[in-house]
Amino acid sequence: MEAKTRLVESARELMWDRGYAATSPRAVLDAAGVGQGSMYHHFRGKEDLARAVVEGNAETMRAQVDRDLAGPGSAVERLARYLRRERDVMRGCRFGKLAQDPDVVASPVLGPRVADMFGWLVERLEVVVREGQAAGELRDSLDAHRVASAVAATLQGGYVLARAAGDPAAFDSAVEGLLGLLDTARTTS
């Protein structure tokens, strides 16, 4: 594997486990098994390396979300497929962790990229809700943007609840609770 790829992959895993602020360039170099010269040959510094990680994570997440939501089924079934997809619940969301890191939020390079990812996610979920409304599956009185925001927030909150409880069942409970609410928003049973 090329040094640049090893650096990005190592930083990706370390940032997921430790967060951005606690991931030192030295830890990345050690995990990647490359010298300092390799890092500065490919990246201007830690923030530039983190930008590559965030962009790679965004590409992967967008593809996965699109697969979950674009498949067959009703809007609620597609949302359920997205919410119930197998995840490493106890590690949490790569973007959720970054959004909680003050150094990331304050960064003019990283903060907007993380915010854009969540904005894209809510927009993508909103499309599915609107499709459900157009198909007569979901009530027209629902605010599609607010429902999409609630789906995204439930997922992020589920990660937090699971980590706090030390039990992935807390995540599952949040997801199933939201899906129960979505069932009550259907126009037919």
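Remarks
- Within the stretch 137-183, the only residue that satisfies the criterion of being basic (Lys, Arg) and in contact with a Ser or Thr (Cβ under 9 Å, 6 or more places away or on another chain) is ARG139.
- Sole residue being touching a helix residue (DSSP H, G or I) at 6+ places or on another chain (Cβ under 9 Å) and at pLDDT 95 or above, chosen from ALA11, ALA3, ALA70, ALA63: ALA11
- Some residue of the stretch 42-62 being open to solvent by 60 Å² or more (accessible area, probe 1.4 Å) and closer than 30 Å to ALA185 by Cα: yes
- Residue match in the stretch 98-111 (condition: under 25 Å from GLY180 (Cα atoms) and not hydrophobic (A, V, I, L, M, F, W, C)): no
- Within the stretch 1-17, the only residue that satisfies the criterion of being within 16 Å of the chain's Cα centre (by Cα) and among the basic types (Lys, Arg) is ARG12.
- Of the residues making up the stretch 19-27, not a single one is touching a helix residue (DSSP H, G or I) at 6+ places or on another chain (Cβ under 6 Å), open to solvent by 50 Å² or more (accessible area, probe 1.4 Å), over 26 Å from ALA170 (Cα atoms) and not in a loop (DSSP other than H, G, I, E, B).
- For the stretch 134-148, the criterion of being polar (S, T, N, Q), in contact (Cβ under 8 Å) with a residue 12 or more places away in the chain and surrounded by fewer than 20 Cβ atoms within 10 Å (Cβ to Cβ) is satisfied by no residue at all.
The values are calculated or read from the model by the stated rules, or taken from the named source; none is laboratory data. Just so we're clear, the structure is a prediction, and the values are computed from it rather than from any experiment. With ideal geometry, Cβ positions are generated from the backbone for all residues, glycine too; neighbour counts draw on all protein chains shown. All accessible areas refer to the heavy atoms of the entire protein, side chains included, with ligands and DNA or RNA removed. Shrake-Rupley method; radii C 1.70, N 1.55, O 1.52, S 1.80 Å.
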